[in-house]
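Asks: Below you'll find the structure I mean.
The values are calculated or read from the model by the stated rules, or taken from the named source; none is laboratory data. Keep in mind that this is a model prediction, so the values were computed, not measured. Quick reminder, even Gly has a Cβ in these numbers, built from the backbone with ideal geometry, and neighbours come from all protein chains shown. SASA here: full protein model, heavy atoms, side chains in, ligands and nucleic acids out. Shrake-Rupley method; radii C 1.70, N 1.55, O 1.52, S 1.80 Å.
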Amino acid sequence: MSFVTPDLCDENPDSISVLEPLFTNYGGKRAFSGEIVTVKCHEDNTVVKEQSALPGQGKVMVVDGGGSLRCALLGDLIAAKLAENGWEGIIIYGCIRDVDAIGEIDLGVQALRTIPIKSNRQGRGDLNVPIKFASVDLQPGHYIYADNNGIIVSPQALKIDA
């Protein structure tokens with residue numbers, strides 16, 4: 001699979017939404033795409049960890065962490081588990097940690113920032129609910145495409161080069 005988001009934007013101007021440019025690419029996989037699985041959580045990555053243990057082929061976890069910069073919702077252990085279980089990537093409206101190790105993992109990872117503090121797991125969070133951040137509504141089952149140019153969303157899979 002090969003794509004660049006500017007080309008996808010040019011080819012699909014009426015069927016995509018573009019997230020505001022708030023995110024940095026941290027993962028070993030620089031471009032990634034897939035069906036959206038949403039997680040809504042605030043400073044508690046319990047649901048992220050639970051989902052990382054499940055098969056994720058063709059999927060991207062999109063995490064609404066409320067934009068919190070107080071703790072990380074992803075570290076190297078969960079990132080490695082996501083890659084091991086076939087997830088294409090994870091996009092976090094919040095922070096991550098262990099960035100050097102995450103950069104070595106074959107997983108797409110985009111987030112707002114980094115911070116060394118782990119989240120406080122209390123078993124809270126919602127799975128596959130509609131979320132909104134960076135001025136875009138994100139729905140479970142829609143498709144997301146991310147690279148160093150930005151992040152775009154479409155209600156259906158877009159045609160990309162094989």
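Asks: Could you give me the residue pairs with C-beta distances under 9 Å whose first residue belongs to the range 98-118 and is under 18 Å from residue 66 (Cα atoms) and charged (D, E, K, R), whose second residue is part of a strand (DSSP E or B) and open to solvent by 30 Å² or more (accessible area, probe 1.4 Å) wherever it lies, and which are 6+ apart or on separate chains?
Replies: Pairs that qualify, where the first residue is under 18 Å from residue 66 (Cα atoms) and charged (D, E, K, R) and the partner is part of a strand (DSSP E or B) and open to solvent by 30 Å² or more (accessible area, probe 1.4 Å), are 113/24.
Asks: Check 58, 86 and return the single one that is open to solvent by 30 Å² or more (accessible area, probe 1.4 Å) and under 19 Å from residue 34 (Cα atoms).
Replies: Sole residue among the options that is open to solvent by 30 Å² or more (accessible area, probe 1.4 Å) and under 19 Å from residue 34 (Cα atoms): 58.
Asks: Now, a different point. Which of the following residues is over 11 Å from the mean Cα position of the chain (by Cα) and open to solvent by 10 Å² or more (accessible area, probe 1.4 Å): 5, 46?
Replies: Among 5, 46, only 46 is over 11 Å from the mean Cα position of the chain (by Cα) and open to solvent by 10 Å² or more (accessible area, probe 1.4 Å).
Asks: Take the residues in the range 111-136 that are aliphatic (A, V, I, L, M), in a loop (DSSP other than H, G, I, E, B) and under 16 Å from residue 45 (Cα atoms), then tell me which one is most open to solvent (accessible area, probe 1.4 Å).
Replies: Looking at the filtered set, the residue picked out is 117.
Asks: With 49, 59 as the choices, which residue is at negative phi, out of contact with any strand residue (DSSP E or B) (no Cβ under 7 Å at 6 or more places or on another chain) and among the basic types (Lys, Arg)?
Replies: Answer to the check: 49.
Asks: Give the residues of the range 96-138 that are at pLDDT 95 or above and at positive phi, sorted by residue number.
Replies: Of everything in the range 96-138, those that are at pLDDT 95 or above and at positive phi turn out to be 98, 125, 128, 134, 135.
Asks: Return yes when residue 64 is open to solvent by 40 Å² or more (accessible area, probe 1.4 Å) and acidic (Asp, Glu) and no when it is not.
Replies: no
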